[in-house]
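Q: My questions will all concern the structure given below.
The values are calculated or read from the model by the stated rules, or taken from the named source; none is laboratory data. Remember, it's a predicted structure, so these values are computed and weren't measured experimentally. Here the Cβ positions follow ideal geometry from the backbone for every residue, glycine too, while neighbour counts run over all protein chains shown. Accessible surface areas use protein heavy atoms only, side chains included; no ligands, DNA or RNA. Shrake-Rupley method; radii C 1.70, N 1.55, O 1.52, S 1.80 Å.
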Amino acid sequence: MLVTGKQILQHADENGYAVGAFNVNNMEIIQAIAAAADELRAPIILQASQGAIKYAGIEYITALVKTTAEKIDVPITLHLDHGTDFNEIIQCIRNGFTSVMIDASKYDLEENIRRTKEIVRIAHSVGVSVEAELGKIGGTEDQVVVSDAEVAYTDPEEARIFVEETGVDSLAVAVGTAHGVYKGEPKVDFDRIREIDSVVSVPLVLHGSSGVPYSTLEKAISLGIRKVNIDTDIRASFARAVGDFIRENPDEIDPRKILKPARSAMSETVKEKIRVFGSDGKAWK
Ligand code: G3H
Ligand code: ZN
């Protein structure tokens, strides 16, 4: 069942858990996440970045996700992750994405509001939900690169103004996490999450959640995080499983045999996350 970003996060908000938003690039990753969600009866967000769309082709991504949504009976949102390009965001809306992220976080508040508002106007006119980002989350997520010096935590008062003026459905916040592999342990600013959540009416999104200790994620969720983004940990499971298999079976050339253990490994990773987010058993009809 394909649902909008607003619907899936509203259910999470009402029931006090977070939805896992997992990045997808190909069939095996989508199947791995779908199998985990189906087994644990968890609502999920399958999200493609602009880089994923470039790699796989938008028709393949949408067809794979739509097939998944027909095959398994859990709520699924098809979401564009970190949309920085107006035309690409429109292309996703036209192709049946049920949610898009406009990432205009590199601009100042006024310009971020202007760009976000424009996407909200278009997306809402056809029933598509919108996530936006305020503050600057560090690290690298495909084409979006933010150096340590550029990182800027989300200001609660600005967040209140931003959400009111743009009408977005969810807000990605910069509170200490970063994209990619962490060098040390991330320090999440819990007070900031609490403060933003108290002045903002929409669900909050945590990016850069791979490698974050589970106790930290659980606390962040208890304070109002409703969407938790995971890409790096799935990539790591995939690469580790493929590497192990090839080392143990150097003569194997059948892609199916090489990718099958990787698909299972990714599924295990996703199941672990779903349990931490408290979204297991939360699928609704
Ligand atoms: O937008 C995607 C996520 O924020 C990815 O974060 O690199 O920690 O998996 P990650
Ligand atoms: Zn992100």
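Q: Starting from the 7 Å offset along Cα-to-Cβ, what nm value, one decimal, do you get for the label separation of Lys187 and Lys260?
A: 4.8
Q: Ranked by accessible surface with a 1.4 Å probe, highest first, in what order do Met266, Met27 come?
A: The ranking, largest first, comes out as Met27, Met266.
Q: Still on this structure: Which one, Asp142, Asp251, Asp191, has the greatest fluctuation when you compute a Gaussian network model over the chain with C-alpha springs under 10 angstrom?
A: Of Asp142, Asp251, Asp191, the most mobile in the Gaussian network model is Asp251.
Q: Using alpha carbons only, how many angstrom separate the centre of the range 31-45 from the centre of the range 211-285?
A: 11
Q: Label Tyr153 and Arg194 with points 7 Å out from Cα along Cα→Cβ: what is the distance between them in nm?
A: 1.3
Q: Here is a follow-up. Largest first, what is the accessible-area ranking of Glu150, Glu118 with a 1.4 Å probe?
A: In descending accessible area the options line up as Glu150, Glu118.
Q: Please identify the GluC sites (Glu not before Pro) of the range 186-285 that satisfy two criteria: DSSP loop assignment and at most 13 other Cβ atoms within 10 Å. Which are they?
A: Glu252
Q: With every protein chain left in place, what is the accessible area of Ser201 in Å² (1.4 Å probe, nearest 10)?
A: Counting only protein heavy atoms, the figure is 100 Å².
Q: Here is a further query. Once you list every other residue whose beta carbon is under 14 Å from the beta carbon of Ser129, what net charge do they have if Lys and Arg are +1 and Asp and Glu are -1?
A: It works out to a net charge of 0.
Q: Sorting Tyr17, Tyr55, Tyr153, Tyr182 by accessible area (1.4 Å probe), largest first, what list results?
A: The ranking, largest first, comes out as Tyr55, Tyr153, Tyr182, Tyr17.
Q: For a quick check of understanding: with a 1.4 angstrom probe and all protein chains in place, what accessible area in square angstrom does His11 have, to the nearest ten?
A: Solvent-accessible area, nearest 10 Å²: 40 Å².
Q: Please report, as a whole percent, how much of the solvent-accessible surface of the range 128-285 comes from carbon and sulfur atoms (probe radius 1.4 Å).
A: 51
Q: Can you list, bin by bin at 10 Å, the percent of alpha carbon pairs in the range 157-258, starting at 0?
A: 14, 36, 22, 14, 10, 4
Q: Return, ordered by residue number, the residues of the range 149-186 whose backbone nitrogen is under 19 Å from a label point located 7 Å along Cα→Cβ of Glu218.
A: Inside the label zone: 186.
Q: Okay, moving on. Just to confirm, what accessible area per residue do you get for the chain at 1.4 Å probe, in whole Å²?
A: 44
Q: From the C-alpha gyration tensor of the range 61-197, pull out the three semi-axes of the equivalent ellipsoid (sqrt of 5λ each), sorted largest to smallest, in whole Å.
A: Result for the range 61-197: semi-axes of 26, 19, 15 Å.
Q: How big, on average over all directions, is the shadow cast by the Cα convex hull of the chain, in nm²?
A: 14.1
Q: Another question, if that's okay. Quick one: what are the phi-derived ³J(HN,Hα) couplings along the range 158-174, Karplus 6.51/-1.76/1.60 with θ = phi - 60°, whole Hz, x for glycine and proline?
A: Values per residue, Gly and Pro as x: 4, 4, 4, 4, 4, 5, 4, 6, 8, x, 5, 8, 7, 10, 7, 10, 9 Hz.
Q: Amide H to amide H, which residues 5 or more places from Val100 or on other chains are under 5 Å from it, using H placed in the peptide plane?
A: Leu80, Ser129, Val130, Glu131
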